[in-house]
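Only one structure is covered here, and it is reproduced in the block below.
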2 protein chains.
Amino acid sequence: MTIRLTTLDNGLRIVSEARPMLETVSVGLWVDVGSRHEPAPLNGVTHCLEHMLFKGTERRTAQDIVLEIESVGGHINAYTSRDHTTYYARTLKDDLPLAVDILADILMNSVFDEGELTREKDVILQEIGQAQDTPDDIVFDHLQSVAYPDQSLGWSILGTPDTVRSFNRDALFSFMADKYRAGSIIVAAVGNLDHDRLVDMARSRFSGLPSGRREADATARYAPGCMVEQRPLEQVHLALAWPGVAHKAPEYYATQIYSTILGGGMSSRLFQKIREERGLAYSIYSFSASHADTGLLGVYAGTSPDQAETVLSLIEEDVQGLAAGATLAELASAKAQLKAGLMMALEATGSRMEQLGRQMLIYGRVIPTEEILMSLDAVTPDDVAAVAVRMAESGTRALAAVGGGPVEDLLKAA
Amino acid sequence: MTIRLTTLDNGLRIVSEARPMLETVSVGLWVDVGSRHEPAPLNGVTHCLEHMLFKGTERRTAQDIVLEIESVGGHINAYTSRDHTTYYARTLKDDLPLAVDILADILMNSVFDEGELTREKDVILQEIGQAQDTPDDIVFDHLQSVAYPDQSLGWSILGTPDTVRSFNRDALFSFMADKYRAGSIIVAAVGNLDHDRLVDMARSRFSGLPSGRREADATARYAPGCMVEQRPLEQVHLALAWPGVAHKAPEYYATQIYSTILGGGMSSRLFQKIREERGLAYSIYSFSASHADTGLLGVYAGTSPDQAETVLSLIEEDVQGLAAGATLAELASAKAQLKAGLMMALEATGSRMEQLGRQMLIYGRVIPTEEILMSLDAVTPDDVAAVAVRMAESGTRALAAVGGGPVEDLLKAA
């Protein structure tokens, strides 16, 4: 497994890991543009752009794009996050040139046909409807809007029905021309491949991209607060968040370890107390979400409306309890879980490709696995205690709830 | 990659594939017992049993079970389907003995503590609540109950709140003693492992299992029909099904190919017509679900309430249209997609372990990949046309709908 990195003259970077024993290859375009880079009237435009890149180029119709890749058994897709947009394909090894050709074609030569845009906006409205109908999905949108009020980081990735309806061809074109610059794009590939041939393909297709990078992010400002939405549901879906860590924060790994101890697995404190000892939830877990400048450390739980206040108190109790210190066994277990999880993710080409693309965008380099393992090992009990004390003393938190019963009462508990 | 199979004296089978270049290993216990093997008053007992096997053994508390595996960075979990129950773990390669020891311990020595059972029933009630709150999940339970009325194959895997509340320790014990027999259990492992050592471990731990197999399935009887549930949602979630194929049906592969052409990918007929040409849905896909004696060939779509009848008509139109024959290009593309999908799944230890376990339970042997590729290649246009004509002429179908708007009108369209 050999990692190689090449930078083209315009700044586009190509990173690959060759795995000659495999039959397949995963390749992705990682673009350093997400919904947080949108102005308010264009909320959702990054995601709409991601959809429209599949709707036809100068050489290919929308149908050609998927037909060509699927007719050789490959697949192609994309997704948008708050920070990044990713276009990716997976194919048998011999079809990597086709995958790169198509990914490059949709990035460089999309035509944004007006009729296609009209229909695709309808598809996105359906996607918004589907997300609205999924309470343990939408509760995280609510949480984000509480934690980052009146800021792009707090908006929905999909946009609102109104903003989506307002998009036109010119808005998409100029947003893309402004943001999609060679310095903000990574080509990442893992599998049975030859790096030099990958670079040749990329050079011939992406050289026309303008150099430079998009402008820097505005700094996000976390705020505590509460948002509850009453719906006729069986459960109340609760999502809470405290201030977390940015990607490059010194306490990044200590925070990962803290989150693992709090609610990362079935042996975690929250899972044991709320599910195993009390039977109050089926799904309960913690998460740590990081961005360039900020992050959230949070918890999700789905419970009965009449138990929601109890669950909130128990979560608070565990957060306070951890400030008294995790045990050395918990610390060792959390490290082992994170280290083994990393080794497992490395074995799948798709997740390894994702890791390479993300690391290049976030850190500007591929972080050796050995370095991550050492960083985890280097975290001391004091480092984790510092995170725990900060959590316990932060006092306020962001809370979102969607569900049945008198959820307004949660406002009092919040 | 060497596949080896060993049968113990009591009939328990151990199948493994060694991948010495990897750092991890996936191991699972595949039990040939699912919710369809339940009597009506015990609907949900298979799933409850699956939960209770994590609640303590003679040597380990519930917390020990997860702590021991997570403290070395591994994870352990389980799931229940209509046909099978699977207990699995993934660990670093050196921890395979621990994983096997724990999986064997929970299977052989669980104590079903009454207090644990009381709490775990609460957890399952929360799990039922969560499933109820997920419309594109629950619509498939409704579809199953329409297609297989008054039969165990039509019931929910989770059971109902009433049946779950009624379970007691004796019911779990006797269900398990009756069904969990050595001939109905497979130990499957893929990764960095030594087959002979795996067999030694399994022999020392599973020899106490009674030989024999559970009794044969009752034959399921498909029925057309309709079930609609009105809820205040943005979308209507539609699930339709026609009679499909059993696992060993001669037309098994032709049916997979048909389903792929109809709605298997982004180039499929349904995706192109309903999403790409009309913008009527975000999610639309077909599926083929097989059991020992029966199967369903179906379609899911999420759309707006006012477009539901149109979407149903368009699906019907595509089913009728395919009876006129797929193109040779569609046939070739579907074969390529299924073949490449198989190669991709082989590369992940978890999905390969799943494939080995399922094949052993269903076919009694590991099917060589080459044989599956040849079976797909051997499917002729006439074979697919036969499936298409049968679909188009079947006339009636099972339909379930959950969603907003006047869904009762769908009864008329059904």
Worksheet item: For the range A:255-414, treating each Cα as an identical point scatterer without solvent, what Debye log10 I(q)/I(0) comes out at q = 0.18 1/Å?
Response: -1.18
Worksheet entry | Helix B:96-109 vs. chain B, principal-axis angle (Cα, 0 to 90°, nearest 10) | 90 degrees
Worksheet entry | Positive-end extreme of charge dipole, the range A:195-246 - chosen from A:Gln235, A:Phe206, A:Ala220 (charges on Cβ) | A:Phe206
Worksheet entry | Expected 222 nm ellipticity per residue - DSSP helices of 4 or more, -39500 (n - 2.57), all of the protein assembly as shown, to 500 | -13500 deg cm²/dmol
Discussion item. Counting C-alpha atoms alone, how compact is chain A: give Rg to one decimal and Dmax as a whole number, in angstrom.
Written reply: 22.4, 63
Discussion item. Give me the dipole magnitude in Debye, nearest 20, for the protein assembly as shown about the Cα centre, with unit charges on the beta carbon: positive for Lys and Arg, negative for Asp and Glu.
Written reply: 1140 debye
Item to complete: Considering only DSSP beta bridges where both residues belong to chain B, give the percentage that are antiparallel (nearest 5).
Response: 80 percent
Worksheet item: Using the Karplus equation 6.51 cos²θ - 1.76 cosθ + 1.60 (θ = phi - 60°), what ³J(HN,Hα) coupling, rounded to whole Hz, does each residue of the range A:207-212 give in order, writing x for Gly and Pro?
Response: 4, x, 5, x, 6, x
Practice prompt. Return an integer: the convex hull volume of the alpha-carbon atoms of the range A:261-348, in Å³ per residue.
Written response: 130 Å³
Fill in: At q = 0.23, 0.24, 0.30 Å⁻¹, base-10 log of I(q)/I(0) for the range B:265-310 (Debye sum, equal scatterers on each alpha carbon)
-0.79, -0.83, -1.08
Fill in: Relative contact order %, chain A, counting alpha carbon pairs below 8 Å whose residues are six or more apart
22 percent
Item to complete: Sort out for me the Cα centre separation of the range A:323-363 from the range A:179-258, rounded to whole Å.
Response: 16 Å
Worksheet entry | Values of log10 I(q)/I(0), in the order q = 0.09 Å⁻¹, for the protein assembly as shown under a Debye, Cα-only, solvent-free model | -0.97
Item to complete: Using every Cα-Cα pair within the range B:1-156, state what percent have a distance larger than 24 Å.
Response: 44 percent
Discussion item. Please check: in the Gaussian network model of chain B (C-alpha springs, under 10 Å), which one of B:Ser16, B:Ser166, B:Ser145 has the largest mean-square fluctuation.
Written reply: B:Ser166
Response to the item:
Applied in sequence order to the range B:269-281, the curve 6.51 cos²θ - 1.76 cosθ + 1.60 (Karplus, θ = phi - 60°) yields integer Hz couplings, x standing for Gly and Pro, of 4, 5, 4, 5, 6, 7, 8, 6, 7, 10, x, 8, 8
Worksheet item: Taking the label point 7 Å from Cα in the Cβ direction, how far apart in nm is B:Pro381 from each other copy of itself, listed shortest first?
Response: 7.5
Response to the item:
Inter-copy distances for B:Pro149, label 7 Å out on the Cα-Cβ vector, sorted ascending, nm, one decimal, are 5.5
Practice prompt. Please list the non-local residues whose amide H lies under 5 Å from the amide H of A:Val236, H modeled 1.01 Å from N, same-chain partners needing a gap of 5 or more.
Written response: A:Thr303, A:Ser304, A:Gly404
Worksheet item: Could you give the distance between the Cα centres of the range A:111-171 and the range A:6-35, to the whole Å?
Response: 28 Å
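With +1 assigned to the C-beta of every Lys and Arg and -1 to the C-beta of every Asp and Glu, and no other charges, what is the dipole magnitude of the range B:2-206 about the Cα centre in debye, to the nearest 20?
500 debye
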Worksheet, complete the sentence: In Å, the Kirkwood hydrodynamic radius from C-alpha pairs for the range B:1-88 sits at 15.2 Å
Worksheet item: Which residue, A:Glu68, A:Glu50, A:Glu354, tops the fluctuation ranking in a GNM of chain A built on C-alpha contacts under 10 Å?
Response: A:Glu68
Worksheet item: What accessible area per residue, rounded to a whole number of Å², is obtained for the range A:204-288 using a probe radius of 1.4 Å?
Response: 41 Å²
Worksheet, complete the sentence: If amide H atoms are modeled at 1.01 Å from N in the peptide plane, then the residues at a separation of 5 or more from A:Gly44, or on another chain, having amide H under 5 Å from its own are A:Gly159
Worksheet entry | Per-residue ³J(HN,Hα) for the range B:216-226, Karplus 6.51 cos²θ - 1.76 cosθ + 1.60, θ = phi - 60°, Hz, x for Gly and Pro | 5, 5, 6, 6, 7, 10, 5, 9, x, x, 8
Worksheet item: When each copy gets a label point 7 Å from Cα toward the beta-carbon at A:Ala332, what are the spacings between them in nm, shortest first?
Response: 6.0
Worksheet item: So for the range B:97-156, what percent of the C-alpha to C-alpha distances run longer than 14 Å?
Response: 72 percent
Worksheet item: Can you tell which of B:Lys335, B:Lys93, B:Lys179 shows the greatest fluctuation in a Gaussian network model of chain B with Cα springs below 10 Å?
Response: B:Lys93
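The values are calculated or read from the model by the stated rules, or taken from the named source; none is laboratory data. Computed from a predicted structure; not experimentally measured. Here Cβ is always computed from backbone atoms with ideal geometry, including for glycine, and neighbour counts include all displayed protein chains. Just the protein is used for accessible areas: all its heavy atoms, side chains included, with ligands, DNA and RNA removed. Shrake-Rupley method; radii C 1.70, N 1.55, O 1.52, S 1.80 Å.
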